[in-house]
Amino acid sequence: MGGRQRRPGVRSARPGRSAGAGRVPVDTRVEIARLEGYLAWEAEVSAADRDAKAFAAQFSWLSSGERESLEQAYAAERLRYAEDVVDRAVERCRQLAARYREECRRICARWAAVCLSVAFGVVLLAVVPFALRP
């Protein structure tokens, strides 16, 4: 039946990821997130197929070929919509991440300016009394 529109986030093996002594450590959180994404997408595919069958079942006058064609079209459209939703969410996450990085840079720059000002003030207060001695 419907199947997926595209394979979600499948990547080729990276160098050093094969079994053996020189194995690169795997970031467990990233791998778990990939697995969760894969499972969520497969659940969406299953739900789209199930809902497509339920929708097409309402039209009892359709032949089996027409019903299957309707199921495929319904599932494909739903999966396209789901991909659009995911793509918009990912883009929004990227925008927010960029915004938060910029805000963090701004805060760090302010703190650096405050720390330098305080250090300069302390040095100035420590040096001035010796400079004013006759």
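Here the label points at Ala113 and Asp51, each 7 Å from Cα along the C-beta direction, are separated by 5.1 nm in the simple model. In this structure the stretch 26-86 gives 66 Å² per residue of accessible area when probed at 1.4 Å with all protein chains present. The packing ranking, built from the mean of other Cβ atoms within 10 Å per residue, places the peptides 32-40, 103-111 in the order 32-40, 103-111, highest first.
Split the accessible area of the stretch 76-123 by element, probe 1.4 Å, and carbon with sulfur accounts for 66%. The simple Förster model, with R0 at 22 Å and r as the Cβ-Cβ distance, assigns Arg92 and Ala33 a FRET efficiency of 0.85. Among the protein heavy atoms of the stretch 25-67, carbon and sulfur supply 61% of the accessible surface, probe 1.4 Å, non-protein parts ignored.
The values are calculated or read from the model by the stated rules, or taken from the named source; none is laboratory data. Everything quoted here is computed from the prediction, not taken from an experiment. A quick note on method: Cβ atoms are made from the backbone with ideal geometry, for glycine too, and the neighbour counts reach across all protein chains shown. Ligands, DNA and RNA are stripped out before the accessible areas are found, and what is left, the full protein with its side chains, is counted by its heavy atoms. Shrake-Rupley method; radii C 1.70, N 1.55, O 1.52, S 1.80 Å.
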